[in-house]
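Beneath this line is the structure, given in C-alpha cells, with notes to follow.
The values are calculated or read from the model by the stated rules, or taken from the named source; none is laboratory data. Note that this is a predicted model, so its numbers are computed, not measured. Counting neighbours? That spans all protein chains shown, and the Cβs are built from the backbone with ideal geometry, glycine included.
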C-alpha cells in the first residue's frame, strides 16, 4: 500500500499548488459589511438635509435653492446606493471567474491521473513493474529468463494477438532450451503477421540448437524460406556464419556476416560482427592456427586454462583405423542453457592425432563475446565427426564431461567411446 499512499500524496501536492494562489487571493480581499455602509449613507443624508433645512429657516438660502439642494441630496443618496449594488455584485462575478480555473485544472489532473492509471494497469501491475528491475538484478540469468517467460506467457494469454509478445516468448524459450515451445510461439507470430524472414530465421535457430548444431532438411527449409523473403535477414545469416565458422569454413562465414553488416539492419550489433569477421579473416590467413602443433603448446593467455587429455577407446580406434581420417572437435560450452550452445573455446584436429592434450582457454574463443572467462562451469565435448561437420550428429563418436568448473587446474580426461544414435 505504500505505493498508493505515495501516489495520493503526490496528487494532493499538485492540487495544493493549483489552489494556493486562489486561496491567497481570497484571503487578501477585504470583506465589506453592506449593512454598515447603508447606515452610514443614510446618516450622512440626514445630516446634510438637517443643515440645508437649518440654512433655509435662517433665511440663508431662498426657497428655490432649498428645493434644488434637497433634490441633489436625494439624487446623491440614490447614486451611492446604486454604486454599492454594483460593487457588491462585481466581487461575486470575479469570484466566479477566479474559481473556474483551479476547479477546471483540478478536474483535468484527476481525470488524467485515472486515465494513466487505467492505461498502465492495476496496482499489482504497477508494483510488479517497479519491483522488476531490482528483482532481475538479484537473480541469476537463468532465473531471469524463467521470470520473463512467466510474464510473457501471461501477456500472450490475455493478448493472444500480441505478435511482439509471442516473438519475445519464443526467444526466451530458446534461451532455456525449450525449443518445441519456442517453435509454437514463432508459429503464432506467423499466424498473426504472415510470413516474416526473421521469424523463419528464428525457427531455423531453434531447430538447429535442438539438433545439436546440425543443419538438417528441416533447418534448411526454414533457412530457405527466410532468405527467399529477405536475403540479408540477420538471424539467418548470423546462424549460417556461426555454423560455418565452427566448421572452419571461414570464407563462407565471412560472406554471411558481411551481408548483415552491409545491409545496415536495425537492432544488429555491427561492432560484434566486425570483430568476428576480423577473427575469421585472421584464421583464414593463418590456416595452421588451430593445428595439432598449436593444440599441444601451452599458451600464455590469461584466464581459465582447462587441460584436456583426449583419446579413443580401443573399440572406436579399431573401427576408425579401417576408415578415412576423421575430423575431431574438442570444445567447451556454457552449462547455463540461457547462454545457448555457442562454443566458448574449441580446437579442431584429426583422429590420427589422438591421443592428445589440448589447452582450452580464452585464446580459443569463437567470438570475443563468448569466452571461458565469462562463465563459471562448462560442458566439455570431444566429437569425432562422421561427415566432418560441426555439432553432434547421428553417426558421430563422442565423449563428454558435464558441469566442469572453469577454474579447474587438474587435467581432465575424455575417452571417446560412444556412438551418437
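Worth a mention:
- Meets criteria (over 23 Å from residue 167 (Cβ atoms), surrounded by fewer than 20 Cβ atoms within 10 Å (Cβ to Cβ) and over 30 Å from the mean Cα position of the chain (by Cα)) for residue 249: yes
- A residue that is outside any helix (DSSP H, G or I) and within 14 Å of residue 222 (Cβ to Cβ) can be found somewhere in the range 179-197.
- Of the set (1) assigned to a loop (DSSP other than H, G, I, E, B); (2) out of contact with any strand residue (DSSP E or B) (no Cβ under 9 Å at 6 or more places or on another chain); (3) at pLDDT below 85, all apply to residue 215 but (3).
- Here residue 157 passes the criteria (1) on the phi < 0 side of the Ramachandran plot; (2) in contact with a helix residue (DSSP H, G or I) (Cβ under 8 Å, 6 or more places away or on another chain) except the one numbered (2).
- Which listed residue is at positive phi and either part of a strand (DSSP E or B) or in the same structural domain as residue 326 (by TED's automatic domain parsing) (or both), from 407, 403, 393: 403
- Looking only at the range 274-288, and only at residues there that are modelled with pLDDT under 85, farther than 14 Å from residue 246 by Cα and assigned to a helix (DSSP H, G or I), the one that is farthest from the chain's Cα centre (by Cα): 288
- In the range 196-207, the condition of being surrounded by fewer than 18 Cβ atoms within 10 Å (Cβ to Cβ) and out of contact with any helix residue (DSSP H, G or I) (no Cβ under 6 Å at 6 or more places or on another chain) is met by no residue.
- Number of the exception - residue 160 against (1) more than 18 Å from residue 341 (Cβ to Cβ); (2) more than 19 Å from the chain's Cα centre (by Cα); (3) part of a helix (DSSP H, G or I): (3)
- Residue 372 vs. criteria at pLDDT 85 or above and crowded, with 20+ Cβ neighbours inside 10 Å: yes
Results for (1) part of a helix (DSSP H, G or I); (2) modelled with pLDDT of 85 or more; (3) over 25 Å from residue 331 (Cα atoms); (4) outside the structural domain of residue 326 (by TED's automatic domain parsing), shown as yes or no for each residue.
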| position | (1), (2), (3), (4) |
| --- | --- |
| 219 | yes, yes, no, yes |
| 223 | yes, yes, yes, yes |
| 228 | yes, yes, yes, yes |
| 231 | no, yes, yes, yes |
| 237 | yes, yes, no, yes |
| 241 | yes, yes, no, yes |
| 262 | yes, yes, yes, yes |
